[in-house]
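Inspection log for the structure reproduced underneath, given as structure tokens.
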Amino acid sequence: MSSGRFFLMGKYQAPLPAELRYCRNHMWCRLGDQGVHTFGFTSYAVRLMRDVYFLEWRIDAGQRVTARQEIGFIETQKATSGLYAPLTGELIAFNHEVLQDPGLINVDCYGTGWLFQLRGDATETLSVDEYYKHLEAGWENTQRLIKAQINKLGLEE
């Protein structure tokens, strides 16, 4: 069994624990009993977002969601954007501590910074090696987007 991977983002290493599953929207999934899984942002996502300032859910626990349905939004140092369900199922619970202190996502994304629990079929999630390959495939384009943002900021100042 693999001990995990590290995806190199410039000088920053994004740890990817082997015991987790991963979603293409850069969330991790900790498989749980009776199909209730815990989700949070990967270290890759946290690094791209930088500091998380605000988090809000637009649905309530107990509601059914479909994959890619908008369920909330997040404000970070980089942008404000929607949050989308990684898979179809029933939202069981939200991490109320992270609502009170979104900085927990920055400090411990794989622990106290988890986002929500969802009951659903997680067979479409990726292994650590599959997620690593997904990151590799998109990294060149991601770097171009980051450079474009930096250049845009430089022109506006």
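For the chain, the alpha carbon convex hull comes to 119 Å³ per residue, rounded to a whole number. What you get for the chain, charging only the Cβ of Lys and Arg (+1) and of Asp and Glu (-1), is a dipole of about 440 debye around the Cα centre.
Remark: relative contact order (the chain) = 24 percent; criterion is Cα-Cα distance under 8 angstrom and separation of 6 or more residues.
Each Lys or Arg adds one and each Asp or Glu takes one away; over the other residues whose Cβ falls under 12 Å from the Cβ of GLY62, this sums to 0.
For the chain, the longest principal axis of the Cα atoms and the long axis of helix 128-156 meet at an angle of about 40 degrees. Peptides 85-97, 17-29, ordered by how many other C-beta atoms sit within 10 Å of their residues on average, highest first, read 17-29, 85-97. Among residues other than TYR84 with Cβ under 9 Å from its Cβ, the summed charge is 0 (Lys and Arg +1, Asp and Glu -1). Charge tally for GLY103 (other residues, Cβ to Cβ under 12 Å; Lys, Arg +1; Asp, Glu -1): -3.
Throughout, read-outs are computed from the coordinates displayed, never taken from laboratory work. What you see is a predicted model, and the numbers here were worked out from it, not measured in a lab. Note that we place each Cβ from the backbone using ideal geometry, even for glycine, and neighbour counts take in every protein chain shown.
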